[in-house]
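Here is the structure we will look at.
The values are calculated or read from the model by the stated rules, or taken from the named source; none is laboratory data. As the structure is a prediction and not an experimental result, all values here were calculated from the model. Reconstructed Cβ throughout: ideal geometry from the backbone, glycine too, with neighbour counts over all protein chains shown.
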Amino acid sequence: MISGNKVRRVSLTLHNWMGLFVGLQIIFWFVGGLVMTVIPLDLVRGEVNMAAGKNTSMSAADLSVLLTKIDAENLGDVSVRDVAGTTVVHLSRTAGADQIYDGFSGVLLSPIDADVAEKVALSDFRYRAAGGQNIDTLVVSSKLLTEEPGDFRRALPVWQVLLNDPDGTRIYVSPDTGQVLARRNDYWRVFDFFWMLHIMDYDDREDFNNPLLIITTLTATLFVLTGVILLYFRFWPRRKHS
């Protein structure tokens, strides 16, 4: 039969070594959890500064006429929407990149240029969030990125439009479709950093089932269990010797 003292010694040894291994990560988990619960998600996602979308429609007859004017090969889906104040027809292809066409003339608009990308970003951004500054100076820069910028981990190229607002907003616009693909800001960078520490994926920051996290979580669980055992020996009344 294993004696209580031996169980206590083994538990103490395991507890100390596992504490050395996972102690810092446990701190990261608690601090990261605190940060991620304090910062509202709609602020992280830039939704507090997102303008309401504009509804656009086209009659079935007009759409049919337009489709006869443009390349409708490999057609997957057709939709009508607004891009920076222009009614466009969005063609999803079964092969190749999506494209947008002017809803009246049928002129191909893809890929969009920097001027259109900036208009898309400004139409997506609520002007009142800019602190009352002149809208003509709201755009700091617009760049067509071909390398990952760190806060956008999707297919490239993409237009990055940097705005001069208190949150450091960056709006990513598809050059093919003129759609806003992502909204980023300084809150997102803070959140993303602690998310990286939380899930221990230091590359893509997306893999919640990576081996390092699994091993560390198991070790942390054993750390807690051995701590509970030590508490038992610490507070359980000792038998008195006769």
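Annotations
- Failed condition for Leu218, given (1) over 30 Å from Glu118 (Cα atoms); (2) touching a strand residue (DSSP E or B) at 6+ places or on another chain (Cβ under 7 Å): (2)
- For the stretch 183-206, the condition of being at pLDDT 90 or above, in contact with a strand residue (DSSP E or B) (Cβ under 7 Å, 6 or more places away or on another chain) and not in a loop (DSSP other than H, G, I, E, B) holds for at least one residue.
- Residue in the stretch 206-225 that is closer than 21 Å to Leu145 by Cβ and of a type in the set (Val, Ile, Thr) present: no
- Residue pairs meeting the criteria (Cβ under 6 Å; at least 6 apart or on separate chains; first assigned to a loop (DSSP other than H, G, I, E, B), in the stretch 42-60; second modelled with pLDDT of 85 or more and of a type in the set (S, T, N, Q)): Gly46/Asn185; Thr56/Thr87
- Search result, residues across the stretch 73-96 that are under 17 Å from Pro111 (Cα atoms) and modelled with pLDDT under 85: Arg93, Ala95, Gly96
- Scope the stretch 61-97; condition closer than 26 Å to Arg170 by Cα and part of a loop (DSSP other than H, G, I, E, B); matching residues: Ala84, Gly85, Ala97
- Condition check for Leu66 on (1) of a type in the set (A, V, I, L, M); (2) within 27 Å of the chain's Cα centre (by Cα); (3) more than 22 Å from Arg183 (Cα to Cα): one failure, at (2).
- Residues of the stretch 154-166 that are loosely packed, with under 14 Cβ neighbours inside 10 Å and closer than 18 Å to Phe191 by Cβ: Arg154, Pro166.
- Residues that are among the basic types (Lys, Arg) and either within 12 Å of Ser57 (Cα to Cα) or not assigned by TED's automatic domain parsing to the domain that holds Ala52 (or both), drawn from the stretch 76-109: Arg81
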